[in-house]
1. Determine, yes or no, whether Leu370 is modelled with pLDDT under 90, in contact with a helix residue (DSSP H, G or I) (Cβ under 9 Å, 6 or more places away or on another chain) and open to solvent by less than 30 Å² (accessible area, probe 1.4 Å).
2. If you scan region 499-537, which residues turn out to be in a helix (DSSP H, G or I), over 23 Å from Cys474 (Cβ atoms) and among the aromatic types (Phe, Trp, Tyr)?
3. In region 180-199, what residues are surrounded by fewer than 15 Cβ atoms within 10 Å (Cβ to Cβ) and assigned to a loop (DSSP other than H, G, I, E, B)?
4. Can you pull out the residues in region 803-817 that are more than 27 Å from Lys1005 (Cα to Cα) and under 20 Å from the mean Cα position of the chain (by Cα)?
5. Going through region 698-726 one residue at a time, which ones are open to solvent by 20 Å² or more (accessible area, probe 1.4 Å) and within 28 Å of the chain's Cα centre (by Cα)?
6. Grab the helices (runs of 4 or more DSSP H) fully contained in region 539-655, keeping just those with 2 or more residues being charged (D, E, K, R) and surrounded by 17 or more Cβ atoms within 10 Å (Cβ to Cβ).
7. Limited to region 222-259, what total is found for residues that are farther than 17 Å from Asp211 by Cβ, among the aliphatic types (A, V, I, L, M) and crowded, with 18+ Cβ neighbours inside 10 Å?
8. Testing Glu376 on (1) in a loop (DSSP other than H, G, I, E, B); (2) surrounded by fewer than 22 Cβ atoms within 10 Å (Cβ to Cβ); (3) acidic (Asp, Glu), one condition comes back false. Which one is that?
Amino acid sequence: MTLESTGAYHPLNGREALCHWLGHIKLSRIIVLVFMILIIVPLITHYFLSKVESSVPNGDIHRTRSKLEAFEDFSTLRASDLKLRIEEMLRIKGSVSAELRDLEAKRQRLQIEVVGFSQKIDDLKTEVIHQQTELERLKISVEQAQVSQREALQRNTPDLALPRKLLPTAVPGLYPPPETRQSSACRMYNCFDHSRCSLTSGFPVYLYDPDRYPVITLGWEVEGFVKTTLKQTLGYNPHFTTDPVSACIYLVLVGESLATMGPNLRNFTDSTLQENLLHDLPYWGGDGRNHVLLNFARSGSVRGTRELSTGGRDIFHKVNTGRAMFIQSTFVRSNYRPGFDVVSPPILGPPGGDTWQDSPMMLPARRKYLLSFQGEFQQSANLVTAYTKNLGEATDNFDDSEDDFVNNDARFTRQNIESFIVEHLQGLEFGSTSDQFLFHFDCSLPTGTTSVGLDRRAGGVKVVAGSWGDWVLCGTESSRGSVLRDSTFALVIASPNTSLLTTTVLQTRVYEALKAGAIPLLLGGDQLELPYSEVVDWNRVVLFLPKARITELHFFLRAVPDSDLLVLRRQGRQVWERYCSSVQSTVDTIVALLRHRLGIPPLPVQEEPSPSVFNATFSPLKTEAIVPEAEPEESLGPIEPPYPSPKFKRNYTFFLTQGHEVWNYWGDPFKLYPQLPFDTILPSDAKFIGSGVGFRPIGRGAGGAGKEFCESLGGNSPREQFTIVMLTYEREQVLINSLSRLYGLPYLNKVIVVWNSPRPPLEDLRWPEIGVPVHVIKASRNSLNNRFLPYDAIETEAILSVDDDAHLRHDEIMFGFRVWREQRDRVVGFPGRFHAWDLNHQGWLYNSNYSCELSMVLTGDTTHEYGAAFIHKYYTYLYSYWLPQAVRDKVDEYMNCEDIAMNFLVSHITRKPPVKVTSRWTFRCPGCPVSLSEDDTHFQERHKCINFFTQALALPSIFCIVIKVEGVLTPLLLLQVFGYTPLLNTQFRADSILFKTRIPHDKQKCFKFI
């Protein structure tokens, strides 16, 4: 607007105002304004572009940029502007890349967190399942504990243990001597004082010193060998006592006695026993009760340079012996009191020690001669003493009709019977049969010998002038033995005089036949009494044939199959080795028989001490068990506190119910064992009707599948646990890992670690807490035999012998334990092996190849051929104390084969093969070195072990055992141990009952993975 001269105000239009303003603005203001525009506009543009790019997704940035650049014409830009533009774009690119990296890092962190949370969720789910399983196991454990509590409250019988001894406090009192008629009627009920032999006494036995208390007539002397060895061997017997006050029985040695006044027999009285010396014994008590008179035979049956001995005669005839028992090898029938006196074999063997070296192998079943006999009949009236001339003195009480063989056509005398027998046997020898016989009925006299008996030690053949009406021995022991080793059967002919119940000559023939592996055939055996017949089942050892059946002898022998031949031969060797082969075995058997007769149990077997590898002041470090590999989640049984197996429960009834078996089959009637794998089993309904203590039937008897199965042991035996025995040598970490894997294992009582290294464990070694005691035993020396020592720390019947580096799952162990409970007398384990016959070299080979047959189950680490097996503790006693020392020496020599020896032992005792469980053929050992079993030396040693345990001396008449060692064939000239191969083949393995069985979805299998 403008102001005119008139004073009026007039407004201007817009264009005029702008021009007016531009005309009056200063140049400096214009410059400032332009400069601000140039600065502000790029900033605004940059801000706008940044907002646009941030709002566009990452995948669309390049596309958006391409669109923006599409509207820009680069041809109009100068070089400097283009450069600036490129730099700007590079800066933008770097910024965008940094942002992308940040976003990717965030994404990865989020993914890791998601994975972590997912893992935690899975772990929590697994932990919930584990805790639920543990809760179920704890519930089962509580239920089992409640059942045990109820049983303890309801039990009305105490737990039996080894009782305290109850011994007499005075020597026998004085009693009037019985009449002769009363002595001949003696039995245990009327001539024995049971008050001195309580059931808990331990059966102490006292021996009169034969040098201090002689009881024989002047001119006689107890044979030195018999006197010395009796004192020595009885001193080793655990029942021996030097205290006469506490003694149950008193032993008096009266023979074998030898004449010391020259060969003129007329200078001797009828009896070698002096009654007044016998009655003057300090503990005779007037009537000799609880006294045992021993008249051993050693040279009386085979006399030579010694003119006369008492060993082969019944020296108690017409001697007032009161109420004393007789033990001798020759008995006149009228003097023998059944159930009171004892027939003993002649002591022809060494004082003691192993005698298996003297026996040949048992195979082949049939030998060169079907039957052999070497002897000569000589008739005489000399039956009882050196001066009995009247046969009637010994036979007054017998009707002659009992002694005569009555035929429809004729009545033969005894001499005619013997002649008929000889003629018939000679007819067999020279007959047309293909069987070979060897009969020698005439003993040729060597030049310059006198007519006295045959002495086995003198080695001469001498015929007695007026022998005892018996078949005397011909030849030397060596010559007779060589014939017997080639004989399937050995003929033993009873004396024609039936007044003789048994003779030393006859028993010598039986002894030599059993030693040589020939089966004795007793012709006239129905009139004989054999040694220890009170406890020994001779029907499984010898064949009895009445003389009236002599014409059927050949048919009878041919009717015996090979299987029965070997049973008889095996049983005969067993009886010979245990009861007759040495002075020690004879003395121990006599003591055991008398103790058995009184119903007194043997003394407990010795257990091996278990010294800890740690001293009393050191406490090993403990740590929680870290299981390297998780076990499959499965409830396998309750977790219980350690529960030892009951022991010595059958101290007084075992020999009553199973005495026949223990004397004739199982091997050792001389000791009392805590438990046996052969203990009797109750009927199924007894568990629910009055005898259910200790039993845990499945589903309380209703049965069931997996759930009910895992809650109880079931089976036919009461509840029990097992002990794991590991043998280790300087492999601490491997051992610790194996111990850790045992955490939570049901029914585990304790773990025994046998520390075989002379170096003790490291002091900072941390031992895992696995819920049961771990006892580390310090071994006296490095020996694989330590694996099978009967340690006193083992308190269960079941032992799992396992390597320190073998890996077994818990379900596999539990299944093996359940199977063993049903096969307690056998080896039950996992890796199987077998013995194979070498067709080229006629010997045994150890084989670990996959096979459809097996005969052994490995029980431990044999040079990294890993094993694991359940065995009964009873077999550890037999392995350590009963098995010949040569077997354990061979194990130490090779540091190998202890598992083979155990399989041999169990199969020999039971005549059963082992039981293999699960599909395992071998073990994997995490962290172990390369298996040394790949070395051929390992297998060669095991070949040798099998042949050593099996074969006899390599005789040309049998066969020669050879094996291939480093390409060279070498004969094994090794003596036998068992005399045969006791291993037996089996073609099956044990698996769970519901294995591979389709079951309803609401049921569980017994084991998920077995």
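1. no
2. Those that are in a helix (DSSP H, G or I), over 23 Å from Cys474 (Cβ atoms) and among the aromatic types (Phe, Trp, Tyr): none in region 499-537.
3. Ala185, Arg187, listed by residue number.
4. Matches in region 803-817: Asp803, Asp804.
5. Those that are open to solvent by 20 Å² or more (accessible area, probe 1.4 Å) and within 28 Å of the chain's Cα centre (by Cα): Gly715, Asn716, Pro718, Arg719.
6. 562-575, 583-597
7. So the answer is 3.
8. (1)
The values are calculated or read from the model by the stated rules, or taken from the named source; none is laboratory data. Please read all numbers here as calculations on a predicted model, not as lab measurements. Neighbour counts run over all protein chains shown; Cβ positions are idealised from the backbone, glycine included. Side chains are part of the model used for accessible areas, which takes the heavy atoms of the whole protein and leaves out ligands, DNA and RNA. Shrake-Rupley method; radii C 1.70, N 1.55, O 1.52, S 1.80 Å.
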